[in-house]
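Below: one structure, written as structure tokens.
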Amino acid sequence: MRSPARRPLLQPRQAFPLVELLVVIGIIALLVSILLPTLGRARDAAQRTQCLSNLRTMSQMLVMYSIAYKDMVPLGYRATGSNPNSALKQNDYFITNRSSTPEPGTVNARYCSIGLLYGAGLIKEGEGEALYCSSYTDFNHQYNQPSNPWPPTNVPSTEVGIRTTYSVRPYDVIWTSEGPFYPQKKAGGEAPFPRLSRLKNQAIISDITSSATRLTIAHVKGVNVLYANGAAHWVDKGVINDDLDNLQGAFKAAKDPIVDDLWDKLDHE
């Protein structure tokens, strides 16, 4: 009588050699180091493309505004209070001012600059993100944050106004936070807005260019720029780097000529 077959003894598991583990970790780290810059560049390219789309959307809104208001478009800059002498050309990225005499339909705000596009009903519910570039990392400039809520009709008590992530060319049009506003003229009704058809190929809106610190929280290497003819494209920061460096620090009226020089340089790109 045959004895039952004996089962083979289980082979002991071999431990994973430390050297092989380190090799695998090294390969993974190498792949990550190769892929991360590529992914970062892809993300930056996508944000730049979306930003250009925003500028073209604003261009369409400005054309619609010009049709409604005899070729006038709300491009300019703001004063920080009721005194026009407090206006600084670096304050070119606000869309509302906090006001004790608010616009109808707002809590405590007056529209300024391209904020008038919202006041004119050209920015519908859910379309506010067109005024905000997704590359900005500063909450004070991002869309619908506690310090920068959307819609721009209720300015937090700690803020002077609602910001966008785009600078508007500071033509000689000034808004203050008090007094009547007009869809074709600055506060008080004295000076008309610029006429879109006369701006031709001038640069009119860009990513914020009020100082070099704004680039470090956005595209870093340059800015997207919208021109009055509807074109929009990327401009390397080297074109305006000297002006940006000179605009660093506190905003001052003495820097207004530097702001003008910066926009003149963007005209030629």
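Each of Q145, Q184, A231 was placed along the dipole of the chain (beta-carbon charges, centred on the mean Cα), and the one lying farthest toward the positive end is Q145.
The spacing between the stretch 156-210 and the stretch 123-147, judged by their C-alpha centroids, is 18 Å.
Packing, as the average of other Cβ atoms within 10 Å across residues, places the peptides 133-141, 193-201 in the order 133-141, 193-201, highest first. Which label marks the calculated value of log10 I(q)/I(0) by the Debye sum over Cα atoms at q = 0.10, 0.16 Å⁻¹, given the options [x] -0.62, -1.24; [y] -0.68, -1.27; [z] -0.53, -1.21? Among [x] -0.62, -1.24; [y] -0.68, -1.27; [z] -0.53, -1.21, the one calculated here is [z]. Taking amide H positions as modeled 1.01 Å from N, with prolines and chain starts lacking one, the residues under 5 Å from G161 and 5 or more places away or on another chain are R98.
A cut-off under 11 angstrom between Cβ atoms defines the neighbours of I217, and their net charge, with Lys, Arg +1 and Asp, Glu -1, is -1. Pairs from the table (K89/K200; K124/K237; K70/K124; K70/K265; K89/K265) lying more than 25 angstrom apart at Cα are K124/K237; K70/K265. In degrees between 0 and 90, to the nearest 10, how far off the longest principal axis of the chain does helix 256-267 point, with axes built from Cα atoms? The answer is roughly 70 degrees.
For the chain, the 222 nm mean residue ellipticity estimated from helices alone, with every DSSP H stretch of n ≥ 4 adding -39500 (n - 2.57) and the total spread over all residues, rounds to -9500 deg cm²/dmol. When the Gaussian network model of the chain links Cα atoms closer than 10 Å, the mean-square fluctuations of K186, K252, K237 top out at K252.
If you run the Gaussian network model on the chain, springs between alpha carbon atoms under 10 Å, then out of A79, A203, A253 the most flexible one is A253. Relative contact order of the chain, taken over Cα pairs closer than 8 Å and 6 or more residues apart, is 20 percent. Taking a ≥ b ≥ c as the square roots of the eigenvalues of the Cα gyration tensor, the stretch 150-269 is classed as oblate, since a/c reaches at least 1.5 and a/b does not exceed b/c.
Each Cα pair under 8 Å and six or more residues apart adds its separation to the average, and for the stretch 46-118 the resulting relative contact order is 24 percent. Charge dipole (Cα centre; +1 on Lys/Arg Cβ, -1 on Asp/Glu Cβ; no other charges) of the chain amounts to roughly 1260 debye. In this simple spin-label model, placing a label point 7 Å from the Cα along the Cα-to-Cβ direction at both I28 and E159 gives a separation of 4.2 nm. Helix 18-68 and the longest principal axis of the Cα set of the chain meet at an angle near 20°.
Read-outs: derived from the displayed coordinates by stated rules, not from any lab. All figures in this text were calculated on a predicted structure; none of them were measured in a lab. Cβ: placed from backbone, ideal geometry, glycine included. Neighbour counts: every protein chain shown.
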